[in-house]
Amino acid sequence: MKFAILALFQLFLFSPAWAVLFTLDGVYSPQETAIANQALTTVQDALPPRLKFRLNYTIHVTFTNMNSDEDRKHLGRADYWDKSIILNSNFLKPNDPQYSTDTLVRTLAHEIAHFYDHQNFEEADFVNQRKICKNLRNNRKEKSGPEPLCNDVLYKTTTISTDPEFMALTSWLRGDFSAQNINSFQRRLPDPYAVSDIKESFPVYFESYLFDRQFACKLPAVEAYFNKAFMISKSSSCSKDLTWYFSGQENAFRTVPKDRIWAIDYFWAEAGAGAASGFGHSMLRLVICKPDRPPGPDCYKDFDQHIVLSFGAATATGAFSNYAGITGKYPLNLYAMTFYSAKSQYNVTELRDLYAIPLKLTPQQKNQLLDQLYSLHWNFDSNYYFTNRNCTTEISRALLAAGISLDTMQTLKTENSPSGFLNHLFYTSLTYPNMKTIEDIRKNPFLYFSSSQKNVDAALKIVSKAMGISLSSIEDYLKKVDDQGFEQLLSKTSHGDRLLYATYYLETIRANRLQSALITEELSQDREKAEKLKSLVTEGSQLNFSYRFIGSFLSRTSYGNPNPAEVDAAQKDFHSQTKSIIENLKNRTQNELESINPSSVALSKARQRLERLNRRL
Amino acid sequence: MKKYILATVLTLGMTSTAFANKCGYSSDEGWIALLMLSSIVSAPTGMTILVSGGNCRDEILNLREDAFKYKMTGEMSEVLKANIESGKKAKPDLTEEQLVNKFMSMQVED
């Protein structure tokens, strides 16, 4: 019904009577005229009705000799003053592959896109947002607080190229004096010319939008944006499978049908103890349904299917420096990991709570966000900057690219830190009414995942009570619960009671710590062994760094998202390249590790305690 | 650096448990990924190091923690519930408590 109304709307409003028209200027031979007119008709027919209606004037097209050493500029140019397009007369010569008919129509479409872009047409919601931003700026004259989205809104001077949503989609970042494309992975663009200047970006994509039948599959989020901008309803038959690459895991690839992704959550790791994690971490969780479950809220139970996406920097050495983080020395990619991997990293290793905040997205927004994230996973290879290109800014950019309303993005984009983003998120319409605070999330066992510190605290409480002493930390337990204390505890335990499990849990930590200390000691005394292990770790780290980004396995012959054949080829290439290296590292590491055999009386004793506890379970 | 090596050694040790089979591959295969140490910035200040291991190791770590939590507090997490459900399908002869015990003790042997 919606499409029928849209069609009627287009029929009446975008009537040919009000539309841009091409006229061919100049004197040409009959053959040249035929070539030119054919191209004009092809483009005229392909142009979106809304574009034709909005331009609604005559554009004069002329063919002339042009200097051929200026990259693409030799093909054609738009003259806004004269309302004319000048094209290279070589296009009129038949059989010149450099000036083919295909290139001619694309060039014409490119130049007409410049006209459309130049007019700086704006939608009502954008005009409204501009007013809000102007007011904000006027009212905040004395304050210099950042308003990132408003800066972008006020920066807009063209219809599409500088539209914040399009800029987010195509990885442009507004600078103080000019815009910069932040994706260094540029070898899979429709044309590298797209990143030569922000104003060339829209015309290049527009060419492919009109004339590449695979455009919707290669850049579905950009296609959706154009369809919305031109009020066009198009359907496409692209593969619905999304293949994710888990860097550093043995099952490195997982393919998920898009329709099994039920929801997308903002996934937040609370601040950690160290200065490094003091701001928390922003991620996204894809709530994926297991194959035999119809998509629905129950998919939240299918933890082993869920995938966590995280924009992160990587280093080949494992060490990070603040200076390098500030100056953009680390690559930035969109990593995928299993839910369990994220949970074990944050909950168990780093003792940080995790919170999932379901995003309230329309089906269209969800679809577009998925498309954009998938494109970024395979095509985004940027540089991490501490303040303006981090885990949060990139999620924010992806949301903007997904068509989230400007007023919502105005609230979210003021924050570049994960904790700040979370607090602002609760105030937006992107969260559900019953999930507006951290406390709301904490009540929901599908959305809140507590750190293992809670287990330690619970165990200490139980043991403290049983022994009648105060144990405030694990160190306290290790110090105060000696042989005698352990015997006392054991005598109070019985099969299956809480004290038994609490003691077991704490004794497990004791055994692990003893073992760690012994290994450290052994390595400190055996420099050769330590050096060998260090070298293996370095090799492993470098290996993982080299293979962090799956997009580097894609061929250069296409652009955007890989098709199923390209995904298959990338996987095969990855396996053939890494198999023997990994095998070799594996064998060497195994040999080295087998040579470490930590033992001590204390460790034997700790293990005996565990065995005794184990017998009572 | 020593700590880093240590973290690796311990991670390697954990994966070689017999329970690796539960995750659908042999313990030997579990070694592969552990060599691929992934360092990912996880905060704007970005110094957190993720030692990325096998999928199985992560599952085991999580299940063990949740099983202990259940035994100590009586609170059963949804992650544990989900795994008990799939555990029951794989091993119908085991009771819920037996499965929890199994999850809990997975880590201890090394």
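The magnitude of the dipole of the range A:241-449, with charges of +1 and -1 set on the Cβ of Lys/Arg and Asp/Glu and taken from the Cα centre, is near 120 debye. Between A:Ala324 and A:Asn591, what FRET efficiency comes out of the Förster formula 1/(1 + (r/R0)^6) with R0 = 35 Å and r the beta carbon distance, rounded to 0.05? With R0 = 35 Å, the Cβ-Cβ based efficiency is 0.55. Taking the Cβ of A:Ala229 as the centre, find all other residues whose Cβ is under 15 Å away and add up their charges (Lys, Arg: +1; Asp, Glu: -1). Within the 15 Å Cβ shell, the charges total -1. Diagonalising the gyration tensor over the Cα atoms of the range A:77-174 and scaling each eigenvalue by 5 before taking the square root yields semi-axes of 39, 14, 10 Å, largest first. Projecting the Cα positions of A:Gln345, A:Ser233, A:Ser247 onto the charge dipole of the range A:207-359 (unit charges on Cβ atoms of Lys, Arg, Asp and Glu, taken about the Cα centre) puts A:Ser233 furthest along the positive direction.
Legend: helices of chain A (whole DSSP H runs) are marked when their alpha-carbon atoms reach 15 angstrom or more along the helix axis and their mean Kyte-Doolittle hydropathy is at least 1.0; marked are A:2-13.
In whole angstrom, the range A:453-616 maps to an equivalent ellipsoid with semi-axes of 47, 23, 13, each derived as √(5λ) from the alpha carbon gyration tensor and ordered largest first. For the peptide A:331-341, the mean number of other protein chain Cβ atoms found within 10 angstrom of a residue's Cβ is 4. Take each residue in B:73-83, count the other chain C-beta atoms within 10 Å of its C-beta, and the mean is 5.
Convex hull volume of the Cα atoms of the protein assembly as shown, normalised per residue: 184 Å³. Across peptide A:579-589, the average count of Cβ atoms from other chains found within 10 Å of a residue's Cβ is 3. Among residues other than A:Phe446 with Cβ under 13 Å from its Cβ, the summed charge is +1 (Lys and Arg +1, Asp and Glu -1).
Take A:597-603, A:210-216 and order them by the average number of nearby Cβ atoms within 10 Å per residue, most first; the result is A:210-216, A:597-603. Put simply, the amide H of A:Leu21, placed in the peptide plane, has neighbours under 5 Å in A:Tyr57, A:Thr58, A:Ile59, leaving out anything fewer than 5 places away on its chain. Here the protein assembly as shown is treated with +1 on each Lys and Arg Cβ and -1 on each Asp and Glu Cβ, and its dipole about the Cα centre works out to around 1480 debye. Farthest towards the positive end of the charge dipole of chain A, among the residues A:Gln129, A:Leu593, A:Asn65, is the Cα of A:Leu593, using unit charges on the Cβ of Lys, Arg, Asp and Glu.
Counting neighbouring Cβ atoms within 10 Å and putting the fewest first, the residues A:Asp163, B:Asp66, A:Asp482 line up as A:Asp482, A:Asp163, B:Asp66. Each DSSP beta bridge with both residues in chain A is either parallel or antiparallel, and the antiparallel ones are about 80%. Paramagnetic label reach from A:Gln31 (point 7 Å along Cα→Cβ; backbone nitrogen cut-off under 13 Å): within the range A:94-118, residues A:94-96. Dividing the helix sum by the residues of chain A, where each DSSP H run of 4 or more adds -39500 (n - 2.57), gives a mean residue ellipticity at 222 nm of -15000 deg cm²/dmol.
In this structure the amide hydrogen of A:Ser247, modeled in the peptide plane, comes within under 5 Å of the amide hydrogens of A:Ala336, none closer than 5 places in sequence on its chain.
Assuming charge only on the beta carbon of Lys and Arg (+1) and of Asp and Glu (-1), the dipole of the range A:468-617 about its Cα centre is about 320 debye to the nearest 20.
Read-outs: derived from the displayed coordinates by stated rules, not from any lab. For clarity, every value in this text was computed on a predicted model and none was experimentally measured. Ideal geometry is used to build each Cβ from the backbone, glycine not excepted, and the neighbour counts take in all protein chains shown.
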